[in-house]
Every structure is written in structure tokens, then in C-alpha cells.
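Below is one structure, written out as C-alpha cells; comments come after it.
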Amino acid sequence: MRVFNIIFKDLKVLLTDKKTLGLLIIMPIILTTILGAALGGTFSSDSDKRAIKIAVVKEYDFAYEKDKFMEFPNNNFLFQNMNQEQLKGLETYMENFSGEFNPEEMFFDGFLDNNDMKKMLQYQVLDLEKAKELLRNNEISSIVILPEDFIYNMYVNFFPLPYRNELDIKIINNPDNYIHSQIIEGIMNSFAETSDISIIGKVTYFETGIDEGIDMMTLSNSEEIIQSFYTIIEEAKVQIEEENVDKQKPLSSIEYYAVAMTAMFILFAAGEGAYLLLEEKDNLTYARMTVAGIPKSLIAIGKYFTIFSFTLMQILVMILYSTLVLGVDWGDKWLVALITLCTTFSIAGLGTMLASMCYKSGNYKMANAFSSILIFLLALIGGSYIPIEVLPKFMHNLSNFIPNGAALKAYNSVMLGDNIIQILPFLLSLIGMGVVFTIIAVYILNTEGGIKNVKYNSAKT
Amino acid sequence: MSLLKVNNLKKYFKEVKAVNGITFDVKKGEVFGLLGPNGAGKSTTISMISTLFNPTSGEITYNGESIVEKPKAIQQKLGVVPQEIALYPTLSGLENLKFWGHAYGLRGSELNKRIEDISQVIGIKDRLKDKIEKYSGGMKRRINIGAALLHKPDLLIMDEPTVGIDPQSRNHILDTVLKLNEEGMTIIYTSHYMEEVEYLCSRISIMDMGEIIASGTQEELVDIIKGQKKINIKLDHVDDTLISIIKTIEYVEKVETHENEMILTTQNGENIFKDLISKTAETESNILSIDIKKPNLEAVFLHLTGKALRD
């Protein structure tokens, strides 16, 4: 009960201090609102106005490449042993296929003009020079180049024969808009990769059939099988439209900064916690508690859970505010709760470690340095100012091993729909940091002179 | 019957002998005074009795049990009023009292009743809901005392509880101490204010430089300088001739001057007036007033150490 009494009292002390309350609760709310609104264009996919603008350049000649595809059997040794009747049949089949399957329609109508994709992307088909001019003027974020043989390769890849050509979609990015560039690359990769699923399936079918000695025309003419390929292709398109597009959906600025500010300002809770033990000693209340028979370890545990409770309160306030007022969707509530617990565990450990260092040294230099310098450095590395993706790779990696960085990545991951397996590395990192910080704090407080020899007035003899 | 015994107690901080082999005992039901200037070692002694830190050597027993070995034996029976305000300034008086009541294991209606009683005793009932930081120095001191009384301690230690406060609050605190003592509470009162110790304490130990230089009742201590009196004489001017002549008077042991004032230390001082007046008349100085000071603890301290309590 005594420990709850200490926690309750400490929380009251923190909450009755207007300066602390302003810094730890009000400030992140204000900053999230301001940054989210001000930087809306950078991240948002909420409206057409904010959709990423790209240019698509066609370097292929559709009619020529379609004809080239029709010439395909003439240039391939696999068809050299076919008789005239078979070749005629194949030709008719290819004409039907090329009439029904249109690679341009698949890419533009089925993929880029998909309703979900349109919320994210606005494209215009331009020639390369014009596209480059727009890119230089920052009017578009990227140029997507569909190269020579794109149509031919698409026909070959999707035609029910055991062939697969490389689909090479080129992208020219705007170096000033790294985030958008990354998103475009992700989207195009997903298109190529998803197409591969059906193509690999097709190639495998034919290779297996040929290995079994089945005639290739028999394989190609099997109505049931061919129908299944169209189904695969259709399903592949669905995959492109729904799964992959959503997967790459960027966070809105409000979503990003709700997490980023939460992750940053919980560091201030650790910073405030750093003052708790030494302040208690300086106020002579530490000595008074000792005289009242409260074990010194209990006082330290009380501080730990005070920081834990306050951090938890901060995060809950931010989640509630951003959800109810700003409309942020934090994702699966159980995963969010799990991340929150791991984060508070880590921050409580950090705060207690700093508090023990201040107590041991007998001054507030460590707490002051943390609050005035380190927090801002950690916030930068952890992605609270600018998205982590923009940072150099070593900083990106480093952010996994600082509490705010790991927390931000975990929350963002859940916002994007990731599951517990995908956020597990971040959770383990947070727990690991919490354990290390706590062990250091206990070690410091247990060393001689750490928490002993308290007196009512250190200036007196 | 001795409630607390301190035997050859020492506390050294590296080279500094903060407390150097003191011995005294506190009887149940008395107000025991520790008198001494700042730096005498009073607070260090109090801190050791309060179990805040261990002595370098020596023994402290409470009701026969060593508090060094069994600190719990005294913690729940002890109330400590530190010299500094040991409270949470951003919390109200009520919140502070509740916290300290909880710290001593009080709960619910028992705690509320004690807070009501104590706020009555310390005379702060109307301001309990105000934050401590809004209180005057005297009010903070009263809450500081109240927090130590909630659990009805058998032994109350008050470490210079009236430093830096207004006369009204000071009087209230002194009256409170007497009232608590009348109700049976044993009190250790430390101060460098001689008048307070004289007013409150039945037995006194005088400390200086970490040692007890005298102990006893007020009368016993004054007896150390039995017959010695201080005479303050104000003159229109003081010169060397006058000082030389005064020094020749029988029973005058010491002559100190401060501007136009002479302080004479005498034995059987009543007998020197005739000589004092006649000898002064021989010089060019004129006596403006004469004040005879009775022996007190200040004088005892001065006699024993050669310095004033507030030096």
C-alpha cells in the first residue's frame, strides 16, 4: 500500500505543476495538431489534391510489339516441329488471346485507375522531355517509364506458354521528395511482383506438363487449365488492387505526427522522472520517509512506477485525443496496448536510471543534459522531427535501439496493418532496453553511498 | 526512567569529527534540550537518533533496545520535526498531512480524525486546503510539526523548529511543545536560542564542536558560574583611563568595551556599585545607565567556551 501512496503522491505533484503538465501533456497535443495540419501535403492520401503526382512515359510501340508477339512462334524452336494445322490453331489462339488481353488496359485501367490507387496517385502520360521538365519543377514526384518491349513482354508473360520475360519498369525520382519516391518505387515493385505470381504459376504448369511428356498444344488448348490462368491473372489483379496498394499506403501526416510526438514527449516523462529522487532528497522528504520506516528500495520502486504511470497516462491521452479529435486510426487495439506497455516499461527504466544517476552524483547535471540536449537528439534519430526513412541508414538502424525510435516504428507498423510477428523485433527491443536500464538503476542505487546516509540537511554537520 | 540513552556516540565524516563521544539520556515525559551554536553537532546527533545514518561508534538505545541494530524499534514511536521544511510545496497542507499519515500506516477515518485533531493543535485548520507554497514561513513550520505528530509518537524530536519565523508563530510553536509535553509526550528540543531552551526544557545538554560541554537542569548549569554577574554600563564616553581605573576595582574579573558601553564580569557584583560610581566620577566619563544581568545559559556557554551562542 505504501508504494501506491508514493506513486499517487508523486503523480499529484507532477500533475499540480502547471509547467510539467504543459510540457508533458499539452505540448504534444498542440504540436501534433499543428504539424499534422501544416505538413498535410507531405504524407496525406486523403484527397485527390494531396495525391502523389507522377508522369508515365510510354517508350513502347503498342501495335509493333503486338505484331512482334504474333511473330513469336516463328522465332521459337519449340514450335518448329508443329505441323501446319497446329500452327494455324496456335495463330488463331494467339489472336484470340491478344484480342482479350490488353497489357495497357491491365496497367492503366486495372492498376493505376483503380479507385484506391487514384486516392494515392495522379498520373499523366507524357513524353520523356516534358516529364523531366515537370520533375525539375517539382510538379511531379516521379517519372515511371514503361520501356521498349513492355507490351511484348507482358503478352509473352501472360500467354499460356512456358515463357517468362523480365518486366523492367524504370523510375526517375525527384531527390527532393524522398518519401514520395519511395512510395512510387514500392507501388511499381508490387505491380511487378504480383504479376510474377501468376506468371511463375503458368511457367511451372507448362514445365511440369512438358516433363511429363504432354504435348504443348494439348497443354495450351486445355480449356479448363487456360480458364484457370485467366482466373489467376484476375486474382493477381485483385491482389494488386487491394493488398499491395493498401500495403504501401503512406501514413497521413496527422497519423505520423500523433505517434512521433507521443514517442518524443514520453522522453520528457523520463526526463522529469530523473529529478524525482534527488528532489525528494533535497526537499528532505526522502529523509522524512526513511524516518517513517519506508524502505529505501520502496521509495525507488515508487519512482519507477510513478514514471511508468505518467508515461502510460501520456500515451493514453495522446491516443484518445488523436483518435477522437484528429480521427487517427492507431490500428489493432490489442497490439497498440502491447506496444504501449512495452514502451512505458522502457521509459520507466530509462527515467529511473537517470534518477539514480542524479541521486548518486548529488546534482541535476545528468537530468538537465538529458532534458535539454539528449531528448532532442533522440527525437531526431527516432524520427519525431522528420520521418525515419529520410535519415541515413545507420541512424535508421540506430533508431531500433532507442525507446522512442522503436516505439514509433512499432506504432506505425500497426497503423499500416502489420501483425504481432512483424512488430515483435520492436517489442523485444523495448523490453530489452527496459531491462538494461532497470538493472543499471538498481546497480547504481545499491552501490555504497548510493541510497544510504541520507540526512536532513547535507549542508549541516 | 530513561526512554533514550546515548552512550559515547561518535560520527566522523572523513576528517571532520561532527559528533565526538557524547553521552546523555532522555527521561520519559521530559523536554530535553540540546543547546549549541550552529555546527555544534546537534543535527548530526538528531539524525543518528532518527535512524537516518549509523554512528561511527557508540550506542543509542530506546527502551533498552539498540536502534542501530533494530531501527524499527524506534521508527514508529518517533516523530521528527526537521529544521528545514520537509513537505511537498505544490500539494496542499491537507494532502501533505494525508501522505505523511499514510506513511505511518494511518488510514481512513482514523487518519481523518488525526488530521482534524492535529490541525487544531497547530492552529491551521482554516488553511489546510491551500498549497504549502502559499503559506507563510510560520505556517509551513506548523504543518512541518503537524506531519510529525499524526501517528502519536512517544518521542518527538524537534530540530530548531523556530528558525526564521515571526514571533507570533514562534510563540504558538513553543506553547504547542509545552502542551504536547503536558499530555505526556517526551520531547528532544534542539536550538541555538537560549531563551527557548530555558523556557521549555527541564534538562539541557550544551554542545560545542561535537562534544557535550555541560549537562544538567537549568539551575545546575547556572551554578557553574555561581555568583558571577554581568554588569552593562552605558557611558557618555569610554577611554583608556576609565578602563584602567575600573580594572582596579575588587571583584571585577573582566572588562569588555563596545563603543560607549562597558561589560564587566564580576563576582559578588552587588558590592562593587559604590566603588564603580566613585571611581568613574574621578574620570571625565559620566554613567548613563547600569544593567545587571542574572546568570543564564548564554553566560554559561560564554563562560565555558569563551564565545557567544550565536557567534
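The values are calculated or read from the model by the stated rules, or taken from the named source; none is laboratory data. Treat the numbers as computed from the prediction; the structure is a model and nothing was measured. Note: ideal-geometry Cβ built from the backbone for every residue, glycine included; neighbour counts use all protein chains shown. Side chains are part of the model used for accessible areas, which takes the heavy atoms of the whole protein and leaves out ligands, DNA and RNA. Shrake-Rupley method; radii C 1.70, N 1.55, O 1.52, S 1.80 Å.
Convex hull volume of the Cα atoms of the stretch A:81-167, normalised per residue: 122 Å³.
Quote the total accessible area buried by chains B and A together, excluding ligands, DNA and RNA, probe 1.4 Å, nearest 100 Å². Each step should come with its number before you reach the end.
Details: alone 15440 and 22510 Å², together 35090 Å².
Buried area between the two chains comes out at roughly 2900 Å².
Size descriptors for chain B: radius of gyration and Dmax over Cα atoms are 23.4, 79 Å. When nucleic acids and ligands are ignored and a 1.4 Å probe is applied, B:L180 ends up with an accessible area of around 10 Å². Model label sites at A:E104 and B:K113, defined 7 Å from Cα along the beta-carbon direction, differ in position by 9.5 nm. Return, ordered by residue number, the residues of the stretch B:3-24 whose backbone nitrogen is under 13 Å from a label point located 7 Å along Cα→Cβ of B:T56. Counting only backbone N, you get B:9-22. Considering all C-alpha pairs of the stretch B:1-82, those separated by over 14 Å amount to 62%. Would you please state which residues of the stretch A:326-362 a label at A:F376 would reach in this model, taking the label point 7 Å out along Cα→Cβ and a backbone N cut-off of under 16 Å? The answer is none, because no backbone nitrogen lies closer than 16 Å to the label point. Sequence-ordered 3J(HN,Hα) estimates for the stretch B:135-149 from the Karplus curve with 6.51, -1.76 and 1.60 and θ = phi - 60° stand at 6, 6, x, x, 5, 4, 4, 5, 5, 4, 6, x, 4, 8, 9 Hz, glycine and proline given as x. Specify whether the C-alpha gyration tensor of the protein assembly as shown places it in the rounded, prolate or oblate class, a ≥ b ≥ c being the square roots of the eigenvalues: rounded for a/c under 1.5, otherwise prolate if a/b is larger than b/c and oblate if not. Since a/c reaches 1.5 and a/b is larger than b/c, the shape of the protein assembly as shown is classed as prolate.
The residues B:I124, B:I277, A:I421, sorted by heavy-atom accessible surface at 1.4 Å with ligands and nucleic acids left out, run A:I421, B:I277, B:I124 from largest to smallest. A Cα-only calculation for the stretch B:111-154 places Rg and Dmax at 10.1, 31 Å. Within the stretch A:83-126, the percentage of alpha carbon pairs spaced more than 13 angstrom apart rounds to 66%. Note on B:E182 and B:S278: with the Förster distance fixed at 45 Å, the Cβ-Cβ geometry gives a FRET efficiency of about 0.30.
When the C-alpha to C-alpha distance is required to be over 20 Å, the pairs from B:K230/B:K279; B:K179/B:K293; B:K234/B:K294; B:K42/B:K70; B:K42/B:K98 that qualify are B:K179/B:K293; B:K42/B:K70; B:K42/B:K98.
Send over the semi-axes of the stretch A:344-409's equivalent ellipsoid, whole angstrom and largest first, taken as the square roots of 5 times the C-alpha gyration tensor eigenvalues.
Values: eigenvalues 129, 32, 14 Å².
Calculated on Cα positions only, the semi-axes equal 25, 13, 8 Å.
Working from label points 7 Å from Cα in the Cα-to-Cβ sense, the A:T92 to A:D61 distance is 3.1 nm.
Computed over the stretch B:2-223, relative contact order equals 30 percent, with contacts defined as Cα pairs under 8 Å that lie 6+ residues apart.
Averaging the Cα positions of each part gives two centres, and for the stretch B:101-153 and the stretch A:101-173 these lie 78 Å apart. Within the stretch A:374-434, the percentage of alpha carbon pairs spaced more than 17 angstrom apart rounds to 34%. In the stretch B:227-294, the convex hull through the Cα atoms has an average projected area of 3.8 nm², a quarter of its surface area.
Over chain B, give the accessible area per residue in Å² for a 1.4 Å probe, as an integer. It would help to have the intermediate numbers written out before the result.
On the way: 14070 Å² over 311 residues.
Ligands and nucleic acids excluded, the result is 45 Å² per residue.
Taking 0.36 nm per residue of separation and subtracting the current Cα-Cα distance, fully stretching the chain between B:S244 and B:D126 would add 36.3 nm.
For the stretch A:324-374, what log10 I(q)/I(0) values come out of the Debye formula at q = 0.19, 0.25 1/Å, with one point per alpha carbon and no solvent? Computed log10 I(q)/I(0) values: -0.72, -0.90. For B:Y12, put the label point 7 Å out on the Cα→Cβ axis and report which residues of the stretch B:51-77 keep their amide N under 13 Å from it. So the set is B:56-58. Sparsely packed loop sites in the stretch B:127-203 (the GluC sites (Glu not before Pro) outside DSSP H, G, I, E and B with at most 14 other Cβ atoms within 10 Å) comprise B:E183.
Rank these residues by their accessible area, most exposed first, probe 1.4 Å: B:S136, A:S181. Don't skip to the end; give the middle numbers.
On the way: B:S136 55, A:S181 5 Å².
The most accessible residue leads, giving B:S136, A:S181.
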